[in-house]
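In what follows, a single structure is set out as structure tokens and then discussed.
The values are calculated or read from the model by the stated rules, or taken from the named source; none is laboratory data. All values reported here derive from a predicted model rather than from experimental measurement. Backbone-built Cβ (ideal geometry, glycine too); neighbour counts: all protein chains shown.
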Amino acid sequence: MSFENKVPDPRPGIEKAPTGIAGLDDITHGGLPAGRPTLVCGGPGCGKTVLAMEFLVRGAQRFGEPGLFVSFDESPRGLVENFRSAGFDLDALIEAKRLKITHIDLSHGEVVETGDFTLEGLFIRLDYGIREIGARRVVLDSMETVFATLANTDSLRAEIGRLFHWLRDKGITAVVTAEKGAGELTRHGFEEYISDCVLVLDHRIDQQISKRRLRIVKYRGSLHGKDEYPFLIGEAGVSVLPLTSLLLDHQASGERVSTGVGGLDEMLAGQGYFRGTTILVSGKAGTGKSSLAAAFAAAACARKEHCLYFAFEESSAQLARNMRSLSIDLESWLKEGSLTLRATRPTFLGLEEHLAAMIQLIDTLKPACVVMDPVTNFLGAGDQPEIKAMFMRLIDYLKSRQITLLLVALTTIFGKPDETEEKISSLVDTWIALDMEMVGHARRRQIYIVKSRGMEHSQETRELVMSSDGLSLRGLPLGEPS
Amino acid sequence: MTGDTPDKKWILRLYIAGITPAAERALTNIKTICALHLKDQYSLQVIDLLESPAFAEGDQIFAVPTLVRQLPKPLRKIIGDLSNTEKVVVGLDIRTGT
């Protein structure tokens, strides 16, 4: 996801060109093979052009590598306009000579073929473009069009082979796109020429939901993720979702962060949660889950940390108002900028997109603490096991980045811990349960710690008091049933 | 290099990249065809992309040799060493009697 934090390839030797594409550098252990061509193939509309263009844009913006985009299909104007709607300002990069789009219009004029030929004209134009901006990265989109135009495939094959050698000799990191063939990776067997790295993209519609998948078919000399990874094309370009955790070596911080409630810190060995761990706060409706989450967020802000709060059931205004009644001042943290509140209601149909948007935001803001209130939707998607898997990996991802995550889960009013909690339990380091109990005619909130890894926490049940003075805990009188 | 002549009915350009055997064959072939079918009605310009790479963009040249029929319209391209005379004649749309 975040290339700054890329996992180093344990096998040295292969130099990588980071793509800057969220997630892709993680599953490729640092990017595409530098100075070599990579084949990106897939069916129409699978996102090849977007991925290829983003590779150049990020290269130009972040890695000081100018890029040449050779388009055999679309005109430069069309590309600039399409990418503007996707949030990319190609014109600015073109102006700054960090990007050049060369349109080799194969449909220009009626074409007849007779006798041998070479693609020297293409080489000359490539060379011209590369020299003009000092390009280190080149995209050829799409090679399919070249084959569709020229019939003498023998001449063509020899020339394509020569083209890839030529690019390698120049040390250019190239992305070559091709159409998926029936039974083969590509229709014209490009995989024969490009053996270093091959990515396959897929776009399918499943139960009216658009699903994009990315797979690394091969990557010579490098470790890479083997799964079929969901990816999305969103406002900030391509995101490859998962969030791999190829290595289970999360750092374990000894640092503690306050829960925002003095009494609860005390129950957690006197100091609160461990930084970089995952906390679950579960309970029935009205037991004070969101209040506990808000107290945690406010405490983070007070430590001058950035906190990102995802509210899935309440609007920002509603949440801020409710918390104000408990003396938890979210508004001033919002104004000050240390708190970011995102209130959206995920629908079951858009969960994948929703997760992607969350990941992109986390990646952009790089918060120290994240709250998700509640996560029930993500885990309750019974017929969408992939969503659950993705969500689990998101949790794992945050942990690997030492981001402290607080999850709020609603338990059913029938009281028995539901399967949501069981599923999530193994991922959770600290589990705080809230409950409500009738005492005479009054209801009383109770709080206890189901578990908290790595610390000697209190086994008591205490009362959670919510008043205009804030949240506090109170010991329950001994002997009283709890 | 023979310059474009505005009073000619046929304006042809042959794009090559260096004097390769295929380029030489293409030039010989097109000269023969023109002499036979177009007599004084044509001008032929040879453009070596190694010397003038910028020219490749205008006529969207990617393969060499490429013969471009600039006039009469519409623009037509014949890629290759022009070894198949019949294909070239058909490709250029040279009808006997014109």
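Which ones in region A:131-145 are under 20 Å from A:Gly67 (Cβ atoms) and buried (at least 22 other Cβ atoms within 10 Å of the Cβ)? Of everything in region A:131-145, those that are under 20 Å from A:Gly67 (Cβ atoms) and buried (at least 22 other Cβ atoms within 10 Å of the Cβ) turn out to be A:Ala135, A:Arg136, A:Arg137, A:Val138, A:Val139, A:Leu140, A:Asp141, A:Ser142, A:Met143. Which one is nearest to the other protein chains (Cβ to nearest Cβ) among residues in region B:18-32 that are surrounded by fewer than 19 Cβ atoms within 10 Å (Cβ to Cβ) and within 19 Å of B:Val88 (Cα to Cα)? So the residue we want is B:Arg25.
Condition check for B:Leu12 on (1) of a type outside the set (Ser, Thr, Tyr); (2) more than 10 Å from every other protein chain (Cβ to nearest Cβ); (3) over 18 Å from A:Thr114 (Cα atoms): one failure, at (3). If we keep just the residues of region B:51-68 that are of a type in the set (D, E, K, R) and in a loop (DSSP other than H, G, I, E, B), which is nearest to the other protein chains (Cβ to nearest Cβ)? Ranking the qualifying residues of region B:51-68, first place goes to B:Asp59.
Checking each residue in region A:290-309 for being within 22 Å of the chain's Cα centre (by Cα) and surrounded by fewer than 23 Cβ atoms within 10 Å (Cβ to Cβ) picks out A:Glu305, A:His306.
Scanning region A:97-110 for residues that are touching a Lys or Arg at 6+ places or on another chain (Cβ under 7 Å) and either surrounded by 15 or more Cβ atoms within 10 Å (Cβ to Cβ) or not in a strand (DSSP E or B) (or both) returns A:Thr102, A:Ile104, A:Gly109.
When you look at A:Asp26, is it touching a Phe, Trp or Tyr at 6+ places or on another chain (Cβ under 9 Å) and free of Cβ contacts under 8 Å to residues at least 12 places away in the same chain, yes or no? When the stated conditions are applied, A:Asp26 does not pass them. Taking the stated definitions as given, is A:Ile279 β-branched (Val, Ile, Thr) and part of a loop (DSSP other than H, G, I, E, B)? Spelling it out, it is not the case that A:Ile279 is β-branched (Val, Ile, Thr) and part of a loop (DSSP other than H, G, I, E, B).
Scanning region A:155-193 for residues that are within 12 Å of chain B (Cβ to nearest Cβ) and over 26 Å from A:Ala135 (Cβ atoms) yields one hit, A:Ser155. One residue is enough: does region A:431-453 have a residue meeting the conditions crowded, with 17+ Cβ neighbours inside 10 Å, outside any strand (DSSP E or B) and at pLDDT 75 or above? No, region A:431-453 has no match at all.
When the residues of region A:59-91 are filtered to those that are in a helix (DSSP H, G or I), of a type outside the set (Ser, Thr, Tyr) and without any contact (Cβ under 8 Å) to a residue 24 or more places away in the chain, the one that is surrounded by the fewest Cβ atoms within 10 Å (Cβ to Cβ) is A:Arg77.
Checked against (1) at pLDDT below 90; (2) part of a helix (DSSP H, G or I); (3) surrounded by fewer than 18 Cβ atoms within 10 Å (Cβ to Cβ); (4) more than 14 Å from chain B (Cβ to nearest Cβ), A:Ile94 passes all but condition (1). The C-beta contact set for region B:74-86 (first residue more than 7 Å from chain A (Cβ to nearest Cβ) and over 17 Å from A:Asp154 (Cα atoms), second residue of a type in the set (S, T, N, Q) and surrounded by fewer than 17 Cβ atoms within 10 Å (Cβ to Cβ), distance under 9 angstrom, 6+ apart or interchain) comprises B:Thr85/B:Thr32.
With the structure loaded, tell me whether A:Leu341 is outside any helix (DSSP H, G or I) and crowded, with 20+ Cβ neighbours inside 10 Å or whether it fails that test. In short, yes.
With respect to the stated conditions, A:Glu132 fails to be touching a His at 6+ places or on another chain (Cβ under 8 Å), over 25 Å from B:Thr20 (Cα atoms), of a type outside the set (Val, Ile, Thr) and assigned to a helix (DSSP H, G or I). Report yes if some residue within region A:362-375 is assigned to a helix (DSSP H, G or I) and either surrounded by 24 or more Cβ atoms within 10 Å (Cβ to Cβ) or modelled with pLDDT under 80 (or both); otherwise report no. No, every residue in region A:362-375 fails to be assigned to a helix (DSSP H, G or I) and either surrounded by 24 or more Cβ atoms within 10 Å (Cβ to Cβ) or modelled with pLDDT under 80 (or both). For region A:111-130, name all the residues that are more than 7 Å from chain B (Cβ to nearest Cβ) and either surrounded by fewer than 20 Cβ atoms within 10 Å (Cβ to Cβ) or in contact with a Lys or Arg (Cβ under 6 Å, 6 or more places away or on another chain) (or both). The answer is A:Asp127, A:Gly129. Annotation note: Cβ proximity below 6 Å between a residue of region A:431-444 that is more than 13 Å from A:Ala409 (Cα to Cα) and a residue that is of a type in the set (Asp, Glu) and part of a strand (DSSP E or B) (sequence gap 6+ or interchain) occurs for A:Arg444/A:Glu437; A:Arg444/A:Glu463.
Counting the residues of region A:55-91 that are within 14 Å of another protein chain (Cβ to nearest Cβ) and of a type outside the set (Asp, Glu) gives 6.
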